[in-house]
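Where a number appears in this text, it was derived from the coordinates with a stated rule and is not lab data. Small disclaimer: the values here were computed from a predicted structure and weren't measured. Positions of Cβ are generated from backbone atoms using ideal geometry, with glycine treated the same way; all protein chains shown enter the neighbour counts.
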Amino acid sequence: MPDSKASKILFVLTFVCMIVALYLAFLYAPVEATQGEVYRILFFHVPSAWVAFLAFGVTCFCSVAFLMKKDLKWDRIASSSAEIGLLLCTITLITGSIWAKSEWGIWWAWDARLTTTLILWLIYLSYAMLRGYIDVETKRAYLSSVVGIIGFIDVLIVYGSIRWWRTQHPQPVIGGGDESGLAPAMLFTLLFCVGTFTLLFFTLLRSKIELQKASEEVDYFHKVLAQK
Amino acid sequence: MQTNIPVFQAQKLTKQYGRLTALNGIDLVVNKGDFITIFGANGAGKTTFLKIAAMLMAPSDGTLLFNGKLIKEADNNARKLIGFIAHDTFQYHNLTARENLRFYGGMYDIRDLDKQINIRLEAVGLLKRGDDLVGGFSRGMKQRLSIARAFLHNPSILLLDEPYTGLDKNASEMLNSLLSSFNNSERAGIMTTHNLDQGYDIATHVAILHRGKIMYFNKTKNISKNDFSKTYSEIVG
Amino acid sequence: MTYLNQIFGIIKKDITTELRAKEAVTAMLVFGLMVIVIFNFAFNLSSQEQITITPGLLWVAFIFAGILGLNHSFSAEHENNCLQGMMLTPMPRSAIYIGKLATSSIFMFISEIFMLFFFIWLFDVRFTGKWPHLFLVMFLGTIGYCIVGTLFSAIAVGTRVRVFLLPILQFPIVIPVIIASVEATAVLLEEDAAIGYFDWLKILLSFNIIFFTVCVLLFDYILEE
């Protein structure tokens, strides 16, 4: 695959940061007083949640750009970003669920953040399904851009209304303010992990876009051969 | 002859679906009184061309001019100049013929719409069936109603996309005679078809569209039907 | 003026068709009734539980039934390619959207009122003295549901699968509408004065305003090829 110099540097940087992040998360950060070792899942849960939301923001931005410029380049970025977002959103839900089980004894709690993440995951899923059901490239780009934009705006409203819903139906506060009591070493580790996952996102995005270009090329040759 | 502004003009029209090129630089000038039939095989780009001409889709590149005026974005005033007939009838089966016409006609500013509807229904021979549901119409009757719809707002250019599809010989002949009676020096038309037997006789000009390009263009009075069909099979193969 | 006439043209056309064929309202109503009856067997509620579950049950029936109406909205235009016929006329794309939104909302609202009668009859629910409040929630909730639903209906007919894509697109997006409508209805069933009722209406209203603007802007692109 034709790799540019920039993407090589990005790849190496992500790789090094990943190793450092693993060291920080498992060895450097001290054991938490009440939760013990389990809390370390936080260093993967929070960054993947952050990237899941970031990725959807990128999808929304590129969808707007596509509708304005009508250049399929933007659609390629939007859909690649959504696919990575779906992956990271899945990781967020799984790690969150494991954490909840060990922490609160249940796999799932319907609190604002968890529920919003679940709905974000569902929106990603419907976006991906929609793309799968349209054959014409340009049509697919237009329709999925519209869903990408609406989905992103909706996630914000969903979060607001679920939070409100929860305040109307008081529940034992779970998971609230868990970052507030972090020791400096933990906070540093968390921030480093967030940074690393952001780098990971851009590395994955680059290779996904390259992959998409390659598959479009194969598709194109298929069609040309079919015509002859 | 006075200076003549073409009713319709396409300049270097290009349409790409992703990497596939459907139209590759189409130039076409249509003057008042012209009736151009574009022949081409399936997938040659005929429907794409007509859809762009009717402003149903935007070209990837190139420009459209109506009455010498450049069309930038989809222009609702230019839409009033176009009458479009396709193999799809655009009709609601649960509405009567008259209701269908009133619905479409209501989108234009037409004075005395009901009177216009009667005139058009009369012209296509459907006046007596005007209050019957379209769902009970034959294919030929629906296509006649399509003609009435397309002429309702008195368009200056008529676009026809494979209008003969699904019509039997009688209905095709009726369509041809209707078209020639509506056609006059004030109006122009562009028709696409893949069928050489149809559409040649009423045309003033013929063109061949192949792989997104116009490969041949001539006046019908300069070439006989036989010679033209030879040229067609040479180009399309 | 022309713009309004064009919108009314679409509404009139849809209502005439509906009066003649009675497709959308009947389908929604019967389907909604089925949902209510099935719920009764699925939960076998005591009368006290009925009151707490009523608002949710009512809206689940509305929402599932509404999908049928929305699916019908643009698949009716897809037949004989009428959508393209409308796009040929000098009518702005947004008029198509607003016209279809209006008729989808009207049909859904009418079937909701019938469903509500059956519901009250079957479950002995009392909205004493709060009818205008209830209708207002139903009205705003239905419009909010149809604002995104009409757009997604147009998206769904542009794909290979048409019918079953709509609920998949629709349900995650309308969650704020569902939350607010159910909560506002629940408030009305409480004995005391309605606390928080207007707060939920505010959420519905802001959802409607935001998405109406967004959908009108985005509708043009859906019809692009």
- Query: If you build a Gaussian network model of chain A, linking Cα atoms that sit under 10 Å apart, which residue out of A:Leu67, A:Leu205, A:Leu86 swings the most?
  - Reply: A:Leu67
- Message: Output needed: percent of Cα pairs per 10 Å distance bin for chain B, bins running from 0 to the one holding the longest distance.
- Response: 7, 32, 36, 21, 5, 0
- Task: For chain A, state the semi-axes of the equivalent ellipsoid (square roots of 5 times the eigenvalues of the alpha-carbon gyration tensor), sorted largest first and rounded to whole angstrom.
- Result: 35, 24, 13
- Note on the structure: Scoring only Lys, Arg, Asp and Glu (+1, +1, -1, -1) among other residues with Cβ under 15 Å from the Cβ of C:Val182 yields -3
- Item | Listed residues C:Leu58, C:Leu88, C:Leu122, most fluctuating in chain C (Gaussian network, C-alpha, under 10 Å) | C:Leu88
- The alpha-carbon center of the range C:119-170 and that of the range C:51-86 are separated, in whole Å, by 7
- Item | In nm, spacing of pseudo-spin labels at C:Phe198 and B:Asn222 (7 Å Cα→C-beta vector) | 7.8
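Quick one: if the Förster radius is 30 Å, what FRET efficiency do B:Asp168 and C:Asn81 give, using the C-beta to C-beta distance and rounding to 0.05?
Working: r = 22 Å, r/R0 = 0.72.
After rounding, the FRET efficiency stands at 0.90.
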- Message: Looking at the range C:2-222, I'd like the Rg to Rh ratio, where Rg is from alpha-carbon atoms and Rh is Kirkwood's inverse mean 1/r.
- Response: 0.99
- Item | Dipole of the protein assembly as shown, positive direction: furthest Cα of C:Met87, B:Gln16, A:Ala185, with charges on the beta-carbon | B:Gln16
- Query: What nm distance separates the two modelled labels at B:Ala123 and B:Leu70, each placed 7 Å from Cα along Cα→Cβ?
  - Reply: 3.4
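If the convex hull of the alpha-carbon atoms of the protein assembly as shown is projected onto planes in all directions, what is the mean projected area in square nanometres?
Its Cα hull, projected and averaged over all orientations, spans 37.1 nm².
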- Grab the other residues whose beta carbon is less than 11 angstrom from that of B:Thr96, score K and R as +1, D and E as -1, and report the net. +1
- Separation between the C:Arg162 and B:Ser181 pseudo-spin-labels, each 7 Å from Cα along Cα→Cβ, expressed in nm? 3.6
- Task: Please work out the FRET efficiency for the pair C:Val30 and A:Asp219, using the Cβ-Cβ distance as r and a Förster radius of 41 Å; give the result to the nearest 0.05.
- Result: 0.40
- Task: Quick one: dipole size for chain C, taken about the Cα centre, charges +1 on Lys/Arg Cβ and -1 on Asp/Glu Cβ, in debye to the nearest 20.
- Result: 500
- Query: If R0 is 25 Å, what FRET efficiency do you get for A:Ile9 and A:Asp71 from their C-beta distance, rounded to 0.05?
  - Reply: 0.40
- Query: Roughly how many whole Å is it from the C-alpha centroid of the range B:141-204 to that of the range B:10-59?
  - Reply: 18
- Query: Assigning unit charges at the beta carbon (Lys, Arg +1; Asp, Glu -1) and nothing else, what dipole magnitude in debye, to the nearest 20, does the range B:1-89 show about its Cα centre?
  - Reply: 80
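Calculate the dipole size of chain A relative to its Cα centre from +1 charges on Lys and Arg beta carbons and -1 charges on Asp and Glu beta carbons; express the result in debye to the nearest 20.
580
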- Once every DSSP H run of n ≥ 4 in chain C is given -39500 (n - 2.57) and the sum is divided by its residues, what mean residue ellipticity at 222 nm do you get, rounded to the nearest 500 deg cm²/dmol? -29000 deg cm²/dmol
- Message: Sort C:39-46, A:58-65, A:144-151, A:28-35 by packing, meaning the average of other beta carbons within 10 Å per residue, with the highest value first.
- Response: A:144-151, A:58-65, A:28-35, C:39-46
- Task: Work out from phi, with θ = phi - 60° and the Karplus expression 6.51 cos²θ - 1.76 cosθ + 1.60, the ³J(HN,Hα) of each residue of the range C:173-187, listed in order in whole Hz, and give x for Gly and Pro.
- Result: 6, 8, 3, x, 4, 5, 4, 5, 5, 4, 5, 5, 5, 4, 4
- Using only helices, what value at 222 nm comes out for chain B when you add -39,500 (n - 2.57) per DSSP H run of length 4 or more and divide by the total residues, to the nearest 500 deg cm²/dmol? -9000 deg cm²/dmol
